[in-house]
Amino acid sequence: MTPLLRLDGISKGFPGVQALQDVSLDVHAGEVHAVMGENGAGKSTLMKIAAGLYRPDAGSIAVDGAATSFAGPADATAHGIHTVFQELTVLDNLDVGRNVMMGHEPGRGPLLDRRALRRAAQEVLDRLGIALDAATPAARLSTGARQMVEIARACATAPRVLILDEPTSSLGSHEEETLFALIDRLKAMGVGIVYITHRMSEVFRLADRLTVLRDGRHVVTGPAAEFDRDSLIRAMVGRDVEDRSHGMVSRDLPPALSVARVTRGRAVRGATLRLHEGEVLGLAGLMGAGRTELARLMAGADQPDSGSMVLFGAPYAPRDVAEAIAAGVVYVPEDRKDLGLVLSLSVAENISLPAYRQHRRAGLLDLAALRRRAADWAGRLGVKAPSPAVRVDTLSGGNQQKVVLAKWLAMAPRVVLLDEPTRGVDVGAKAEIHARIRALAADGAAVLVISSELPEVLSVADRIAVMAGGRVVGTVPAAKASEESLLALAFAEDEVAA
Amino acid sequence: MRAARLARTLLPYAGLIGLIVYFSLASDFFLNQRNFERLITDSATLIVVSLGMTLVILLGEIDLSVGAVVALLSVLLAQMLGLGWPWPVAVLGALALGLLVGAINGALTVIGDIPSFIVTLGTSAIATGLAFIFTGAISVPIYDVVFLDLFYSDTILGLTVPLLLCIVAFAGTLLALTRTAWGRELTAIGANAAAARIAGVPVRRDKVLVFVAMGGLVAVGAILSAARLGSGAPGAAPSLTLDAIAAVIIGGASLFGGQASLVRTLLGALLIAVLNNGMVLLNINVDAQYVVKGVIILLAVVLERLGGGR
């Protein structure tokens, strides 16, 4: 059978780096072909070539067996190849229908035919089984719904090949299921799907075949059934990654930070939580359960409407982040591009940002000490960068996340709140970050880890608290928890709250 | 793209050198020490105010009130001197008023959460109105010879006082920007205020302080302006706001914040100073200066866009 799309012997170099070297990939009608690899493996470059954004230096592209080349993204789309990138591009000021039909709005002469547009958009949504109304303003959509709109837009013109770039990186567990059902439906319609992801479980749930890239080279392609977790990790990192549960039991000490019946707006409604020194507490829950909002209250980024917090036995009510930092509480936000880092600054400047005020002599900064400190912490976290003076946006996602961690661990915190610390990070960096989190707790810090990936929570935490509807609905020792039991907690309360 | 970025980087250097060469060839009076001193004296207000404008634009904010406030403060300074107050008291009074106006601009922008564009448009109109009301639209002459000589023609260590004040203001702002916590935090705030806030940076306080610093520099500019004109004039600085913003833009700053350089702003300000000075020497219609400056600003911004600036 002729593949719908075939990339053959593709090479692509950028100044100073060979991003791809002789890489091949094909996708057939009605199959999901997963592409895996660590950050920097060349996945994005390969996708951008398939999407017509880059031109390969060498190699060929064939659609339906006919050799072709793409002059630009519009050309790839004209060949039926649509790409949904990781960054969502849904426009808030338009409704769902306008977003879905963007670029091919039906019109009467120069005027937009609103009724025809809404009808066409609704047809696309219905055909894909997406439960959204074309008239809903996009501003009201959840992240998961936005992802669906994004896919619907790609499907508005009957795509033959759909390329999905880490589509679940911003979804909660129940939204993932909706996405997977949609992918199954597209498969049945004969669409060929290229699926890029970091998540093991998705590959085995979805993929028919998979390809692993490493350092811009093709490692292996084969039926997904021939791989297991360990062989896949070995293929990606070229070494064994230690990833075992530790199963420590929490101690009976007074809590480092306890939160009692705090409330803020509709997001946090009477949450109670105890975080001990020397433990990692996982905080699980669905999208919108109030996990990030609760962490922001603990971090001083927001202030509770009611309720109280106690830190090491003393009342704790930080009015801003600086007060929380001074008290030894740091918060590592989930969105590293918008909140975690200032992308246009250097690695060293990012690491130093919270610390300038502690490094003054007679009002002037001790620049030498700041430089040493930044280099030291970048080294300790294993940040791979040519020098601490390079702009942080030149680094890979995993290394950027290590810079964020370095920035906060350098503040010598006693309580560390980590919000999705490994989102969009490759397996190698993920294992390093997990090890760092365990080491932090072993050194006596109280660590809270918010994660939407249940396997991550289960493997890194000592205890796991589950949030739903703005409350903590249960806390269980990690050793006694399973994905099923955690999900049951998260969903059960969700129904009660709704 | 690359060529545009290079052109943008070279613009302040090439523009300044080009103008100096051109005016040197076109006029016999351009290239000598006396003209250089006059050029600095004439443009000291612009140079000092441009430094403050750099900090404001680095934050992603703007201050449209500088021209009007320089005029108002020069009027008030002249009136204080006219009351017979000793000149140091009047000068300190002008400084205090400048800091106050800056604090008002900053507080309205930060606490009121109003775009600085609108706030300073408002304070600019108020300052202009007050300056005309206080004077009945007539300049207030200054008779304090000590004040006039000191801030216009006296020299210290062989340097004229306006030149000296420019050097001190430049060194001071450069030190503050590179060697204080406040200064280092400004770039982060301008590039990503949300990230700075969650990193514990006192974003609001830092921002208000920038406007206060701007107010102080505006006051210094007003003192220099009053001394140069020998009076407090309600129309003292008609093109100062445009010129100061132009100097910062020519110096390569991004109007979206997070990127600006004091050294390059200084080059931008000197470029405008040379342009003003040279066009007078060549007897070119004063009004044509506006056209030339407008073209230079647009050229700088277009080059930034082509160069893939943020």
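If you sort B:Trp85, B:Trp182 by accessible surface, 1.4 Å probe, largest first, the order is B:Trp85, B:Trp182.
Dipole size in debye (nearest 20) for segment A:1-157 around its Cα centre, Lys and Arg Cβ +1, Asp and Glu Cβ -1?
500
Just to be sure I understand the curve: with the Debye formula and one point per C-alpha of segment B:257-310, what is log10 I(q)/I(0) at q = 0.18, 0.19 Å⁻¹? Debye output, listed in q order: -0.72, -0.77. In this calculation the C-beta distance from A:Ser308 to A:Val390 is compared with R0 = 56 Å, giving a FRET efficiency of 0.80. Compared with its chain on its own, segment B:190-216 contains the following residues whose accessible area drops by 40 Å² or more in the full protein assembly (probe 1.4 Å; ligands, DNA and RNA excluded): B:Asn192, B:Ala195, B:Ile198, B:Ala199, B:Gly200. Each Lys and Arg adds +1 at its Cβ and each Asp and Glu adds -1 at its Cβ; summed about the Cα centre, chain B shows a dipole of about 940 debye.
Under 11 Å from a point 7 Å along the Cα-to-Cβ line of A:Asp338: which residues of segment A:69-94 have their amide N that close? Backbone N within reach: A:88.
A Förster radius of 30 Å combined with the Cβ-Cβ distance from B:Leu159 to B:Asp287 puts the calculated FRET efficiency at roughly 0.35.
Per residue, segment A:255-490 exposes 36 Å² of solvent-accessible protein surface, assessed with a 1.4 angstrom probe and all protein chains in place.
Treating each Cα of segment B:1-152 as one equal point scatterer and applying the Debye formula with no solvent, the log10 of I(q)/I(0) at q = 0.10, 0.13, 0.14 Å⁻¹ comes out as -0.53, -0.84, -0.92.
Here the simple spin-label model places points 7 Å from the Cα toward Cβ, and for A:Thr157 and B:Ala125 these points are separated by 4.8 nm.
Computed with a 1.4 angstrom probe on protein heavy atoms, the A-B interface buries about 1900 square angstrom of accessible area in total. Using a simple spin-label model with pseudo-atoms 7 Å out from Cα toward Cβ, A:Ser11 and B:Ile138 lie 8.5 nm apart. The largest-to-smallest principal axis extents of the Cα set in segment B:32-237 are 54, 40, 28 Å. Surface composition of the protein assembly as shown: carbon and sulfur make up 59 percent of the accessible area, probe 1.4 Å. Just so you know, the Cα atoms of segment A:388-498 work out to an Rg and Dmax of 15.8, 52 Å.
Relative to the present Cα-Cα distance, how much length would full extension add between A:Ala369 and A:Asp75 at 0.36 nm per residue of separation? Walk me through the intermediate numbers first.
Numbers: separation 294, 0.36 × 294 = 105.84 nm, distance 5.32 nm.
Contour length minus Cα-Cα distance gives 100.5 nm.
For chain A, the relative contact order comes to 16 percent (Cα pairs under 8 Å, sequence separation of at least 6). With N as its number of residues, segment A:255-490 has a Cα radius of gyration that, divided by 2.2 N^0.38 Å, comes to 0.99.
Taking 25 Å as the straight-line reach from the Cα of A:Lys187, the lysines in range (excluding those fewer than 8 positions away in the same chain) are A:Lys43, A:Lys48. Annotation: amide H of A:Val473 within the under-5 Å range of A:Val466, A:Met467, A:Ala468, sequence separation 5 or more or interchain, hydrogens built in the peptide plane. Probing with 1.4 Å while keeping every protein chain in the model, the per residue accessible area of segment B:11-84 equals 37 Å².
Run through the DSSP bridge list for segment A:255-490 and note the antiparallel percent, rounded to the nearest 5.
55
By the Kirkwood approach, averaging reciprocal distances over each pair of separate Cα atoms, segment A:378-446 gets a hydrodynamic radius of 12.4 Å.
Within the assembled protein chains, the solvent-accessible surface assigned to A:Phe312 is about 70 Å², based on a 1.4 Å probe. Each of A:Ala479, A:Gly340, A:Gln21 was scored by the projection of its Cα onto the charge dipole of chain A, and the greatest displacement toward the positive side belongs to A:Gly340; charges sit on the C-beta of Lys, Arg, Asp and Glu. Exposed loop sites, defined as trypsin sites (Lys or Arg not before Pro) outside DSSP H, G, I, E and B with at most 15 other Cβ atoms within 10 Å, are absent from the longest region of chain A, namely A:1-238. Just so you know, the averaged projected area of the alpha carbon convex hull for segment A:1-113 sits at 9.9 nm². Indicate the gyration tensor shape class of segment B:117-205 (rounded, prolate or oblate), computed on the Cα atoms with a ≥ b ≥ c the square roots of the eigenvalues: a/c under 1.5 is rounded; otherwise a/b larger than b/c is prolate and the rest oblate. Because a/c hits 1.5 or more and a/b fails to exceed b/c, segment B:117-205 counts as oblate. Dipole size of segment A:255-490 about its Cα centre, with +1 on Lys/Arg Cβ and -1 on Asp/Glu Cβ: approximately 520 debye, rounded to the nearest 20.
Reported value for segment A:429-483: 88 Å³ per residue, from the convex hull of its C-alpha atoms.
A 1.4 Å probe, protein heavy atoms only, puts the accessible area of B:Thr155 near 80 Å². Within the listed set B:Ala14, B:Ala176, B:Ala199, the Gaussian network model of chain B (springs between alpha-carbon atoms below 10 Å) gives the highest mean-square fluctuation for B:Ala199. With R₀ fixed at 60 Å, the C-beta to C-beta distance from A:Ala62 to B:Asp28 puts the FRET efficiency at about 0.25. For chain A, adding -39500 (n - 2.57) for each run of n ≥ 4 DSSP H residues and dividing by the number of residues yields -9500 deg cm²/dmol at 222 nm. Each Cα pair under 8 Å and six or more residues apart adds its sequence gap; the mean of these over the residue count of chain B is a relative contact order of 37 percent. Rounded to the nearest 5, the antiparallel percentage of DSSP beta bridges internal to chain A is 55%.
The residue list B:Ala131, B:Leu83, B:Ile118 was ranked by how far each Cα lies along the charge dipole of segment B:32-237 toward its positive end, using unit charges on Cβ atoms, and B:Ile118 comes out on top. Each of A:Ile130, A:Leu111, A:Ser459 was scored by the projection of its Cα onto the charge dipole of chain A, and the greatest displacement toward the positive side belongs to A:Leu111; charges sit on the C-beta of Lys, Arg, Asp and Glu.
Remark: relative contact order (segment B:18-105) = 15 percent; criterion is Cα-Cα distance under 8 angstrom and separation of 6 or more residues. Three semi-axes describe the equivalent ellipsoid of the protein assembly as shown; taken as square roots of 5 times the Cα gyration tensor eigenvalues and ordered largest first, they are 56, 34, 25 Å.
The values are calculated or read from the model by the stated rules, or taken from the named source; none is laboratory data. Just so you know, these numbers come straight off a predicted model, no measurement behind them. Cβ coordinates were reconstructed from backbone atoms using ideal geometry, including for glycine residues, and neighbour counts include every protein chain displayed. Only protein heavy atoms, including side chains, enter the accessible area calculation; ligands, DNA and RNA are left aside. Shrake-Rupley method; radii C 1.70, N 1.55, O 1.52, S 1.80 Å.
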